[in-house]
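Asks: Below are the structure tokens for one structure; questions will follow.
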């Protein structure tokens, strides 16, 4: 199991190239059900005095709410499928963290250091329960490797295609 990097790297100058490709590919993989609700920004985590991983250029919030021309009906169903896909292929994607804000009582997270989901029974995640987005973080290596990210998506798509 990999160690969780979190916000240990310095603030970036912008969105890292591998994360940019990840966002494009995950939106495509979801058929447009997920959309970029926020990526790079140098700021603290909500309600905390520590830097957000968004500041490192390795995090994205992917909404599944239908808003104008963004999203699709039943976006939550697709978000759950994407959560499973990412968690099952975490090593391939260099996935470090998924926060799913929706489930009651207080949301859930998947983290690389434990390689499993934890559903919270007390307030732990700001925005949970009920938030209509996923927060996803990549490792520094993958966030800087657009070609590796593309290859990871090609590999999972090839596995899903009947031979």
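Every number in this text was worked out from the coordinates using simple rules, so none of it is lab data. Because the structure is a prediction, the values reported are computed rather than measured. Every residue, glycine as well, gets a Cβ built from its backbone with ideal geometry; the counts of neighbours run over all protein chains shown.
Asks: Report the per residue volume, in Å³, of the convex hull enclosing the C-alpha atoms of the chain. Don't jump to the answer; show the numbers that get you there.
Replies: Working: hull volume 19.3 nm³, N = 163.
Hull volume over Cα atoms, normalised by residue count, gives 118 Å³.
Asks: Would you mind calculating the relative contact order of the range 17-158 from Cα pairs under 8 angstrom and at least 6 residues apart, reporting the percent as a whole number?
Replies: Numbers: 270 pairs, mean separation 39.5, N = 142.
Value for the range 17-158: 28 percent.
Asks: Quick one: which of 150-161, 108-119, 135-146 comes out on top by average Cβ neighbours within 10 Å, and what's the full order, highest first? Walk me through the numbers before you get to the answer.
Replies: Details: 150-161: 12.8, 108-119: 15.8, 135-146: 21.8.
So the order, starting with the most tightly packed, is 135-146, 108-119, 150-161.
Asks: Which residues in the range 87-113 place their backbone N less than 15 Å from a point set 7 Å from the Cα of residue 76 along the Cα-to-Cβ direction?
Replies: Those under the cut-off are 100-108.
Asks: Once the piece of chain linking residue 123 and residue 50 is laid out straight, how much longer is it, given 0.36 nm per residue of separation minus the C-alpha distance between them? Before the final figure, lay out the partial values.
Replies: Details: separation 73, 0.36 × 73 = 26.28 nm, distance 1.79 nm.
Full extension from residue 123 to residue 50 adds 24.5 nm.
Asks: Also: On average, how much area does the Cα convex hull of the range 96-137 cover when viewed from any direction, in nm²? Please report the intermediate quantities before stating the final value.
Replies: On the way: hull surface 10.2 nm².
For the range 96-137, averaging the hull's shadow over all directions gives 2.6 nm².
Asks: From the helices alone, meaning DSSP H stretches of at least four residues, give me the mean residue ellipticity at 222 nm for the chain, per-run term -39500 (n - 2.57), in deg cm²/dmol to the nearest 500.
Replies: Calculated at 222 nm, the ellipticity per residue is -9000 deg cm²/dmol.
Asks: Pull out the extension gain between residue 104 and residue 3, defined as 0.36 nm times the separation in residues minus the alpha carbon to alpha carbon distance; nm, one decimal.
Replies: That pair, residue 104 and residue 3, stretches by 33.6 nm at full extension.
Asks: Measure off 7 Å from each Cα along the Cα-to-Cβ vector at residue 66 and residue 43, then give the distance between these two points in nanometres to one decimal.
Replies: For the pair residue 66/residue 43, the computed spacing is 2.8 nm.
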